[in-house]
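S.K.: Can you keep this structure in mind? I'll have questions shortly.
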Amino acid sequence: MVAKRKQKQRIILPPELPPDVSEDEIEVSDEDKDFVDQNREYTDFLSTLDTQSITKHVTRVADVKEDALEALYEKRLKRKSLQKKREDPGIQVDRVDALPVKTLDGQLYYRTATKVSKASENDSIEEEASCVADKSIVKLTKAERRAKLKKCKKEAKKQGKEAEPEVEQTPQEAVLAEVKEDLTAEDAFESKKNKLAELGIALLADPTSNTKSLKEILQICKDNNHAIVKLGLLSLLAVFKDLIPGYRIRLPTEKELEMKVSKDVKKMRLYESKLLSVYKAYLQKLAALEKQSSFQHVAFRCICTLLDAAPHFNYWESLLGVVIRNIGSPDDFIRKLCCSTIKSLFTNEGKHDGEATVEAVRLIADHVKAHNCQLHPDSVEVFLSLSFDEDLGRAARNDEKHKPQSKKSKKKKHYEEARQLKENDKKRSRQELLTKTREEVAADYKAVAFTPDVMERRGMQTEALSAVFETYFRILKHTMQSSASRSEANSSLSTGASEPHPLLAPCLKGLGKFSHLIDMDFMGDLINYLKKLASGGSDSENTSKCLTVAERLCCCIVAFKVMKSNLDALNVDLQDFFVQLYNIILEYRPGRDQGEVLAEALKIMLYEDRQHDMQKAAAFVKRLATFSLCSGSAESMAALVTLKHLLLKNVKCRNLLENDAGGGSVSGSVAKYHPHASDPNLSGALASVLWELNLLTQHYHPAVSSMASSISSMNTAHNQVYHSTISPQQAFTDFSLERPESFKPPSDIKKSNNKRKRGSDPSVSAVIEPSADTTSIDEDDVRKKLSAHFMILRDIKENQRLRAELDDTTSSIQLYEEYNQQKKKAKKPKMKKIKSLLTVK
């Protein structure tokens, strides 16, 4: 019993005790006491600690005697050594050479000799000691044993993994693996392509019975491969273009679903509902993909193609909204695609009866308003594709006139109605039924008829036109406000940059095109706006900095177009626009500004205008001659054609061709010529001479020189008649640098012994045939000269920049010196006051 009790006793390894420190050596500082006193609320847990349970858990040492501990230690050590010998028996001695040994228990065993190194001996001793410390003294709990087993298993796995040699893959095997992956990817791509083709063919062959194929194609569009997704989207686009009907699908209501219908109607309803659901999911997929950069182009191509092909079908409003939002996109591909789609909607109104046109114009107007007129010019230029029918009401009236018995039928109808009113209530009810049925039949006929209603079409066009002019007037107002803010900024010497006007040019083009449709109530305000934009009123210099020369010329052109289209109703003086044209001519620069706009302005304002005042005509003749000296060949030809036309219409202005010292025989009201005058009526051009024509006869372009010589002589040669019949705009296009065939300078000219006779046609003599022996041009020499020329130009620009920087630095230095001087002057009276106070003390 005692032995059993001893076995039941647990021997637990005691924990390591802290080092013994006497209480005298422990010193508690005042700071520790203050800290404890200040944080009493954090020290309350010390009073509630259960010291008994802590000691019971930690000190698990059994009350055993030292002899029992020693015996147990030796026993465990023997077991460990025996186990090691079994695992590693070492070198065994032959049993024939060795005698067995008998133990006290009566068992026999043979001794074996082992070769063990010193290091292994030391390791075994340490292991045995640790095992004794762990196993002989401490008895582990179940949880501790499980944790130890898990730890041993993990270590064994790690050792096994480390022991396994890593098989390195050869480069040939790596290449083969990559090739296999590529082949599998290509096979998958080809299989998906073939599946898309099969599904599309099945849909086009029998769409009603293969509606599941639409969902399958839509499911393929969710693939991870971008190429497959794009192919799926384009496949669905092609399928929907063929499957979409020519009417808008209306799903049946609950009452209609309860009604009994035929099998064909049920089948058609099911097909339409499935088609509409897949179409909606497809549009949602496109709306999600158009925000991703990798799918943007494909998504917008599908959206624009669907809107262009079926603008009448369901969800066209959402498609139109996406297109309008991206009509001013910075991406050229997307912007051009959206603009071409909107133009197609405007030109092909038969597909949607004008409903999409009105909605598109309204959305563009809201888009311009939301972006504060800061969009790409293409977003407003699409309005130029609009067409408004003006004879719809007249055509309706003509149709009514062609009916021979219309008045008689009306009289008869009124007579019958008066007669029926006298009858009893039964006939009245019958008449009401007849009228109702007639109205219903008329409504059904109107819904089925292909011819659009005249009044509805006129109403839609009126709404679209009002939205267009609202957008145009908003752009003009924004330009006026920005130019006014720029003039205030310049007056206050601020460096704030004004907003650009990207929509002004297409706005002016649209006003010029639709000027005959503008309401008379707004005509006066429009002319005043254009006058302010072209001249700027008192702040003409600031406005000229805000607007370009082409924009100011467009304002003048639009004003003249508006006046010509409403000549009978308006009585407005256009003298201010002539003044602006007179000043803008000298501000024009060939490489910077648009020559087409200048040629159009000369054509509308001077060439096609009515009879001019003699003083004003002479001023423009003189200004155009001066302009021809410092412009290119195309601009010079346009100016000379206009000049010649003015001289032909105003005979008295030909006195400028005379070579009098006093400036001509007719000097006018102003006796002296003022070339810098801003008003053409006050320039006194009749007191001058057209000496510029003499220089223009030596022009490098033969057409310009011949034109100048023909004007100076004012004869009726063939060349002169040709040039007088063409307009300045046509002359500019014929002699512009974009048409290189218009100018072929001769490389060598033969010296002719025949002198030109007096009175011969200068225009004919100006054209000299080039000689057959043409000398070759040295390209290297030309390249060197051009490089030297452009080097000089670059140096000039660099010098200008450096001079501007030098001026800025010198001005800043002067300001700093003035500031220091003012500071010193302010300090002197203070020093005097201090000295006076010191002397008083």
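The values are calculated or read from the model by the stated rules, or taken from the named source; none is laboratory data. Computed from a prediction, not measured in an experiment: that's the story for all the values here. Reconstructed Cβ throughout: ideal geometry from the backbone, glycine too, with neighbour counts over all protein chains shown. Only protein heavy atoms, including side chains, enter the accessible area calculation; ligands, DNA and RNA are left aside. Shrake-Rupley method; radii C 1.70, N 1.55, O 1.52, S 1.80 Å.
S.K.: Take CYS373 and decide whether it is assigned to a helix (DSSP H, G or I) and surrounded by 16 or more Cβ atoms within 10 Å (Cβ to Cβ). First the steps, then the outcome.
M.R.: Details: assigned to a helix (DSSP H, G or I): no; surrounded by 16 or more Cβ atoms within 10 Å (Cβ to Cβ): yes.
The answer is no for CYS373.
S.K.: I want to confirm something. Restricting to the range 445-463 and keeping residues that are among the hydrophobic types (A, V, I, L, M, F, W, C), under 17 Å from LYS351 (Cα atoms) and assigned to a helix (DSSP H, G or I), which single residue is modelled with the highest pLDDT?
M.R.: Step one: filter the range 445-463 for residues among the hydrophobic types (A, V, I, L, M, F, W, C), giving 447-450, 454-455, 460.
Pick out the ones that are also under 17 Å from LYS351 (Cα atoms) and you get 447-450, 454, 460.
From what's left, assigned to a helix (DSSP H, G or I): 447-448, 454, 460.
Details: ALA447: 61, VAL448: 58, VAL454: 72, MET460: 85.
So the residue we want is MET460.
S.K.: Okay, moving on. For the range 164-183, indicate whether the set of residues that are at pLDDT 80 or above and either surrounded by fewer than 10 Cβ atoms within 10 Å (Cβ to Cβ) or over 30 Å from GLU290 (Cα atoms) (or both) is non-empty. Even if it seems obvious, please write down each step before you answer.
M.R.: Pass one, the range 164-183, residues at pLDDT 80 or above: none.
No: the range 164-183 contains no residue that is at pLDDT 80 or above and either surrounded by fewer than 10 Cβ atoms within 10 Å (Cβ to Cβ) or over 30 Å from GLU290 (Cα atoms) (or both).
S.K.: Check TYR271, TYR247 and return the single one that is farther than 26 Å from CYS304 by Cβ and aromatic (Phe, Trp, Tyr).
M.R.: On the way: TYR247 fails: farther than 26 Å from CYS304 by Cβ.
The match here is TYR271.
S.K.: Sticking with this structure for a sec: On the basis of being outside the structural domain of GLU600 (by the TED database), assigned to a helix (DSSP H, G or I), farther than 28 Å from VAL597 by Cα and at pLDDT below 70, does VAL764 make the cut?
M.R.: Numbers: outside the structural domain of GLU600 (by the TED database): yes; assigned to a helix (DSSP H, G or I): yes; farther than 28 Å from VAL597 by Cα: yes; at pLDDT below 70: yes.
So VAL764 passes the test.
To keep it simple, each residue is scored yes or no on (1) aromatic (Phe, Trp, Tyr); (2) modelled with pLDDT of 85 or more; (3) over 17 Å from MET480 (Cα atoms); (4) surrounded by fewer than 22 Cβ atoms within 10 Å (Cβ to Cβ).
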position	(1), (2), (3), (4)
ASP539	no, no, no, yes
ALA559	no, yes, no, no
ASN566	no, no, yes, yes
ASP593	no, yes, yes, yes
ARG623	no, yes, yes, yes
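S.K.: Could you please give the count of residues in the range 333-358 that are without any contact (Cβ under 8 Å) to a residue 60 or more places away in the chain, crowded, with 22+ Cβ neighbours inside 10 Å and either closer than 21 Å to VAL454 by Cα or not hydrophobic (A, V, I, L, M, F, W, C) (or both)?
M.R.: Qualifying residue count, the range 333-358: 3.
S.K.: If a residue has to be more than 18 Å from ASP734 (Cβ to Cβ), more than 44 Å from the chain's Cα centre (by Cα) and not in a loop (DSSP other than H, G, I, E, B) to count, how many in the range 624-653 make the cut?
M.R.: Total satisfying the criteria: 9.
S.K.: If you don't mind, there's one more thing I want to ask. Let me spell it out: the conditions are (1) of a type outside the set (S, T, N, Q); (2) under 18 Å from PHE383 (Cβ atoms); (3) open to solvent by less than 10 Å² (accessible area, probe 1.4 Å), and LEU363 meets all of them except one. Which number is the exception?
M.R.: Condition (3) is where LEU363 drops out.
S.K.: Additional query: Scanning the range 690-717 for residues that are open to solvent by 10 Å² or more (accessible area, probe 1.4 Å) and within 19 Å of ALA617 (Cβ to Cβ), which turns out modelled with the lowest pLDDT?
M.R.: Going residue by residue through the range 690-717, those that are open to solvent by 10 Å² or more (accessible area, probe 1.4 Å) are 690-691, 694-695, 697-700, 702-703, 705, 709, 712-717.
Right, trim to within 19 Å of ALA617 (Cβ to Cβ) and you get 690-691, 712, 714.
Values: LEU690: 87, TRP691: 88, SER712: 86, MET714: 74.
Selected residue: MET714.
S.K.: Here is a follow-up. What is the one condition in (1) at pLDDT 60 or above; (2) part of a loop (DSSP other than H, G, I, E, B); (3) open to solvent by less than 80 Å² (accessible area, probe 1.4 Å); (4) not hydroxyl-bearing (Ser, Thr, Tyr) that VAL138 does not satisfy?
M.R.: All conditions are met except number (1).
S.K.: Could you name every one of the helices (runs of 4 or more DSSP H) located completely within the range 219-332 that has at least 3 residues being within 27 Å of GLU355 (Cα to Cα) and free of Cβ contacts under 8 Å to residues at least 12 places away in the same chain? Reasoning before the result, please.
M.R.: Working: elements: 226-243, 254-258, 263-289, 296-309, 316-325.
Ranges flagged: 263-289.
S.K.: Right, here's the next one. Take VAL597 and tell me if it is β-branched (Val, Ile, Thr) and open to solvent by 10 Å² or more (accessible area, probe 1.4 Å).
M.R.: Numbers: β-branched (Val, Ile, Thr): yes; open to solvent by 10 Å² or more (accessible area, probe 1.4 Å): yes.
In short, yes.
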